[in-house]
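What follows is a set of notes on a single structure, which appears directly below.
What follows is calculated from the coordinates using simple rules that are stated; it is not laboratory data. What you see is a predicted model; the values in this text were computed from it and never measured. Virtual Cβ from ideal backbone geometry, glycine too; neighbours counted across all protein chains shown.
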Ligand code: FES
């Protein structure tokens, strides 16, 4: 074994720093900084040969609190194998990990914090490229936001979806079925013992939710953006395909480190337009819009909701997955996954958008076959839903826009006028919704205020307001519901979300009172409060507390959050993290 005395331990006099010579600690003597850094790694048994290789950072997000990332050890081993096969040095490090069910008040409150962790650790440590491993809803967005701000060559790897379970011969998967079976239990159609059996079967393995919720949507959008290897979005978490994808990701990262493009060459205007097309064709999570806006904002790009709506009119829903359709992620994978979907969408895509694979979108599509199961990935002329999954609404109730997942709504409710039944916030909702004496009917409109970015805070997924118990027991399955919050990508119903500006900022939603009439017309893209302009202006003139006053906050992350979080149409990012407008900026 050589002690590699001939290896360079000093700083080269010219050229950009690479590998261990990058991001040196400030001791006032760069040669000493490198000398010291190498000494510590040699203490862990590394040779000079290893320390001279291209360094691939691996941002993992393993946590006992995050079973959606439960395959992280196996993925990490496969990624490292791929890196070393290609002659690189893998250096993994932990970041914040966020799971939907283990984050209070809501995972979205922590997404920006995770993105700052990812950005700063990429910038603080020496690496020539970065592999991001995430999956649960907010983790891929946070990782891409952070990496976009850090700017080095980047590849995203998803942890992959969980397998489906079974209850009395019927397939089950988190979390659309979580909601439907819980709804049956609330309505008295299932016993506690029966719902307990369902609870054992909903999550059949580690991995992300098995429907087209936010996690699956973001994995697919990462592939559509070109920041993930082709075919990387859909392999389930516990399969050999997933592990092979991990190994290939490691190998490709070394090539990127040597020759590849920075993340800004991949995440371009055209890449985001492709991703928005895919979001619509997936019938994907409404959260995907917020996350795409946040990632784009880190690159100085803006998402235009009216452009999204226009694309929605041209882009049918083709993927037949819950909650819009009937299948699960493992079926999507077996049907050909994202490449098969992209092939169907070919005429609507920017084919010259570049992928981290080194190919452009057109090359990738040409490499793959059509869908192997046209029930799961429908052909363009036989869609699940003729228009895209999401429509953008405007009106005096949402001058900054609101959205509705029309593909998961009840058709008869999409043109509806009804009496508002208003809840002032989460506490009010919890205390009154199931009260037998609540004055509410099936054709009323449930309005929930103060669950926006500043209101809750963190814009929780409480926009899926449960049907009041007495109406659920009477067989009511859906009502028009409106809020400034979000909804889980696994949820369904005639639900208007992301009302902007939010109530806590004094938006018109603040002014709605029980008994007012509200009109929803998805065909006209309108959400209106039916009161006079003078009455609306007079209600809006009322003084409301600031976000800090409302929450009684004086310090810490919550203070930073409440002072700097932007509205949903800007991705609910922090104002100081958004990049200056890109010189090439077009609204996406
Ligand atoms: Fe992690 Fe659904 S809870 S993806």
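Region 210-265 and region 540-588 have Cα centres separated by 31 Å. With a simple spin-label model that places each label point 7 Å from the Cα along the Cα-to-Cβ direction, the separation between residue 436 and residue 360 comes to 6.8 nm. Looking at region 442-554, the DSSP beta bridges with both ends there are about 40 percent antiparallel.
Across every pair of non-identical alpha carbons in region 1-151, the mean reciprocal distance, once inverted, gives a Kirkwood radius of 16.7 Å. Taking every DSSP bridge with both residues inside the chain, close to 45 percent are antiparallel.
Helix 176-186 axis versus longest C-alpha principal axis of the chain: approximately 40°, rounded to the nearest ten. Here the calculated FRET efficiency for residue 555 and residue 25, from their Cβ-Cβ distance with R0 = 30 Å, stands at 0.50, rounded to the nearest 0.05.
In terms of the Cα gyration tensor, with a ≥ b ≥ c the square roots of its eigenvalues, is region 251-393 rounded because a/c is under 1.5, prolate because a/b exceeds b/c, or oblate? Oblate.
If R₀ is 56 angstrom, what is the calculated FRET efficiency for the pair residue 85 and residue 419, using the beta carbon separation as r and rounding to 0.05? Could the numbers behind the result be given before it?
Details: r = 65 Å, r/R0 = 1.16.
So, using R0 = 56 Å, E works out to roughly 0.30.
Stretched out fully, how many nm does the piece from residue 199 to residue 170 gain, at 0.36 nm a residue minus the Cα gap? Intermediate values should be presented prior to the final figure.
Details: separation 29, 0.36 × 29 = 10.44 nm, distance 1.37 nm.
Length gained, residue 199 through residue 170: 9.1 nm.
Each peptide in 379-389, 23-33 was scored by the mean count of other Cβ atoms within 10 Å over its residues; highest first, the order is 379-389, 23-33. Counted residue by residue at 0.36 nm each, then reduced by the alpha carbon distance between them, the extension gain from residue 244 to residue 351 reaches 35.9 nm.
For the peptides 463-473, 211-221, what is the packing order when you average, over each peptide's residues, the other Cβ atoms within 10 Å and list the highest mean first?
On the way: 463-473: 19.4, 211-221: 31.0.
Going by the mean number of other Cβ atoms within 10 Å, highest first, we get 211-221, 463-473.
Residues in region 44-84 near a label at residue 102, defined as backbone nitrogen under 16 Å from the 7 Å Cα→Cβ point? Residues 60-74 fall inside that zone.
Which order do the peptides 296-304, 404-412, 494-502 come out in when sorted by mean C-beta neighbours inside 10 angstrom, highest first?
Working: 296-304: 23.0, 404-412: 20.1, 494-502: 26.7.
Ranking, from highest mean packing down: 494-502, 296-304, 404-412.
Assuming a ≥ b ≥ c are the square roots of the Cα gyration tensor eigenvalues, decide whether region 413-525 counts as rounded (a/c under 1.5), prolate (otherwise, with a/b larger than b/c) or oblate. List each step's numbers first, then the result.
Working: a/c = 1.39, a/b = 1.20, b/c = 1.15.
Rounded is the answer for region 413-525, as its axis ratio a/c remains below 1.5.
Between residue 539 and residue 428, the FRET efficiency estimated from the beta carbon spacing at R0 = 22 angstrom works out to 0.75.
Roughly what angle does helix 72-85 make with the longest principal axis of the chain, taking Cα atoms, 0 to 90 degrees, to the nearest 10? Relative to the chain, helix 72-85 is tipped by roughly 40 degrees. Report the Cα centroid-to-centroid distance between region 349-376 and region 146-209 in angstrom, as an integer. With region 349-376 and region 146-209 each reduced to a Cα centre, they are spaced 28 Å.
Relative to the longest principal axis of the Cα atoms of the chain, the long axis of helix 269-282 lies at roughly 50 degrees.
Where a ≥ b ≥ c are the square roots of the eigenvalues of the C-alpha gyration tensor, would you call the chain rounded, which needs a/c under 1.5, or, failing that, prolate if a/b is larger than b/c, or oblate? Walk me through the intermediate numbers first.
Numbers: a/c = 1.88, a/b = 1.59, b/c = 1.18.
It comes out prolate by the Cα gyration axes.
Calculated mean residue ellipticity, 222 nm, the chain: -10500 deg cm²/dmol, from DSSP H runs (n ≥ 4) at -39500 (n - 2.57) each, averaged per residue and rounded to 500.
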